[in-house]
Ligand SMILES: Nc1nc2c(c(=O)[nH]1)N[C@H]1C(S)=C(S)[C@@H](COP(=O)(O)O)O[C@H]1N2
Ligand SMILES: [Mo]
């Protein structure tokens, strides 16, 4: 039996609190403790998807039944080696050494859900509405997008605004992401800018507003789990895609299939998954997780633990410069004194000018060999050979500097919600 993960805490807790409601929310199953609750249609399909196969004897399953296979770690189909931080909503990150590929394979792209993903998506009937302050509102199928606009493929870096939150002290509430809420897959789609221009952008538009087909955690269809937007200037960046493909195949169900926005360089939350509607507005969008302190940071430096008034927070725009060491994995015991160190670096809307590596706690630094991005907004791959002078414990530190000369800080710039931790990545190596 694999170690029982805490991954399904959410589902199990839901059953503990109110099993009837859990059956209804998760599987659409109306049950009562005293009789069997037959699973049908979408509910049966959902459970089948969760266990990875059809269930021949589903008719004899008791009410409030949760398959025991869910107590193992293998719960996300089509993902491999991700660490599940929460299962309801599902949030899973990728250990750094599994992000070693220049382009992140679909099975290693992190998952950040705010609500419950739609379960039976049909790419054929999917429609995207473009409306609000446009000359001609559009209603487009995926086939329309493919035939009316240029289809492009770009490697694009997506990072959750809360990546690195786990290291905040005092701690910040929310998913305790360490390093792995970042990825750079190759996305195929059409340019957001082309589609907005085809609808005709009216004078006075300042912001986009994005809507998706996922459901609020409460199950209440009148509430949205998340609806964010970006200033129109950012929306018109040719790097943004309305994507229908990931790494030469379909988009993974948990990464927003069949259609999503990819707005690289800004917090991942701008990149609406399961996107159904993009509305142009003449005010800053005020959808779910746009207001209050969501995806916002204090507009002045604050001390760790300090209280900040809500009006002193600003919306996060571009993400700051950052790097990740993807090889060696932390904890390596090396019998050889020489090791190749490699990883990626990215810098929001900028590019990375330099990556340097230290093996002596930052006293001296060696420049890494840094690739240009394969296209704007793709992370940049780097590598450098290091030689450890003698046996013992070392840390490899990496530090990136962006095209404006801004580098990664050694310490976390603390903020109440735990966003934007771009402090140095460190890995431990013992030379035997
Ligand atoms: N519809 C919808 N879109 C969404 C989200 C969501 O919960 N629902 N999460 C956002 C957040 S916070 C992030 S970081 C990215 C994560 O994308 P991924 O799950 O494909 O890695 O999706 C964004 N788009
Ligand atoms: Mo996010």
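None of the figures in this text is laboratory data; all of them are computed from the coordinates on show. Being a predicted model, the structure only gives us computed values, none of them experimental. Here the Cβ positions follow ideal geometry from the backbone for every residue, glycine too, while neighbour counts run over all protein chains shown.
Details
- Full-stretch length increase - residue 293, residue 363 - with 0.36 nm per residue and alpha-carbon distance subtracted: 21.4 nm
- Each Cα pair under 8 Å and six or more residues apart adds its sequence gap; the mean of these over the residue count of the chain is a relative contact order of 14 percent.
- Cβ-Cβ FRET estimate between residue 390 and residue 107, R0 fixed at 41 Å, reported to 0.05: 0.55
- Fully extending the segment from residue 403 to residue 80, taken as 0.36 nm per residue of separation minus the present Cα-Cα distance, adds 112.9 nm.
- Remark: relative contact order (region 295-428) = 31 percent; criterion is Cα-Cα distance under 8 angstrom and separation of 6 or more residues.
- Prolate/oblate/rounded label for region 230-351 (Cα gyration tensor, a/c 1.5): oblate
- Extent of region 127-315 along its three principal axes (Cα atoms, max minus min coordinate, largest first): 52, 38, 33 Å.
- For region 210-272: rounded, prolate or oblate by the Cα gyration tensor [a/c cutoff 1.5]: oblate
- As a rough guide to protection, the peptides 218-227, 19-28, 249-258 ranked by mean Cβ packing within 10 Å, highest first, stand as 249-258, 19-28, 218-227.
- Additional length obtainable on full extension of the chain from residue 317 to residue 40, 0.36 nm per residue less Cα span: 95.3 nm
- Per-residue ellipticity at 222 nm computed for the chain from its helices equals -3000 deg cm²/dmol, with DSSP H segments shorter than 4 residues left out and the rest contributing -39,500 (n - 2.57).
- Each label was represented as a point 7 Å from its Cα along the Cα-to-Cβ direction; for residue 300 and residue 330 these points are 3.5 nm apart.
- Ellipsoid equivalent to the chain - semi-axes via the Cα gyration tensor, in Å: 36, 30, 21
- Put the Cα centre of region 122-178 next to the Cα centre of region 313-372 and the gap is 27 Å.
- The chain - share of DSSP beta bridges that are antiparallel (%, nearest 5): 90 percent
- Radius of gyration and maximum dimension Dmax of region 294-432, Cα, Å: 17.0, 55
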